[in-house]
């Protein structure tokens, strides 16, 4: 009888740990970021940020996986993809990215108006535990992100 209860406990624990995977499809954030980097027509060269820089620049904490690419500063272009352990953490991550976009819009409004319009058309989507942001011209980023997060 103890083995049955132990087995039930293990099953419940496994279900609890994988809760995000059962409510939404699993997203390979590395693959999503790589496809955005390869398929979207960026004007500037994007460079991957080290994990130690991401919280300071994006205000996003608690991600279990993350891939972030930024432009040299000549454009507002960027890619940021995060996987969080819970949907609540993903919601907080999305809110932090919304704040970043607002701040960047204000920064570029007078400095580089063309980039401000690019920021207005940024793609920011969340599905389950995954959050993706892409700032680029055109519609390719939206199509790729919707394919993964749909």
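Anything in region 1-40 that is in contact with a helix residue (DSSP H, G or I) (Cβ under 9 Å, 6 or more places away or on another chain) and modelled with pLDDT under 95? List them, or say none. Lay out the reasoning, then the answer.
Step one: list which residues in region 1-40 are in contact with a helix residue (DSSP H, G or I) (Cβ under 9 Å, 6 or more places away or on another chain), which gives 15, 19-20, 22-29, 31-32, 35-36, 39-40.
Correct list: 15, 19, 20, 22, 23, 24, 25, 26, 27.
Report, by residue number, each residue of region 123-134 that is surrounded by fewer than 21 Cβ atoms within 10 Å (Cβ to Cβ) and not in a strand (DSSP E or B).
128
Residue 150 versus (1) in contact with a strand residue (DSSP E or B) (Cβ under 9 Å, 6 or more places away or on another chain); (2) under 20 Å from residue 45 (Cβ atoms); (3) modelled with pLDDT under 95: which is the lone unmet condition?
(2)
Report whether or not residue 60 is in contact with a strand residue (DSSP E or B) (Cβ under 8 Å, 6 or more places away or on another chain), within 21 Å of residue 143 (Cβ to Cβ) and crowded, with 19+ Cβ neighbours inside 10 Å.
So residue 60 does not fit the description; no.
If a residue must be touching a helix residue (DSSP H, G or I) at 6+ places or on another chain (Cβ under 6 Å) and at positive phi, how many such residues does region 103-150 contain?
Qualifying residue count for the region: 1.
Return the only residue of 118, 104 being farther than 21 Å from residue 31 by Cα, in contact with a strand residue (DSSP E or B) (Cβ under 9 Å, 6 or more places away or on another chain), surrounded by fewer than 19 Cβ atoms within 10 Å (Cβ to Cβ) and modelled with pLDDT under 95.
None of the other options fit; the residue is 104.
Any idea how many residues of region 54-91 are more than 26 Å from residue 117 (Cα to Cα) and assigned to a loop (DSSP other than H, G, I, E, B)?
7
The values are calculated or read from the model by the stated rules, or taken from the named source; none is laboratory data. It should be emphasised that the depicted structure is a prediction, and the values quoted were computed from it without experimental measurement. All Cβ positions, glycine included, derive from the backbone under ideal geometry; neighbour counts span all protein chains shown.
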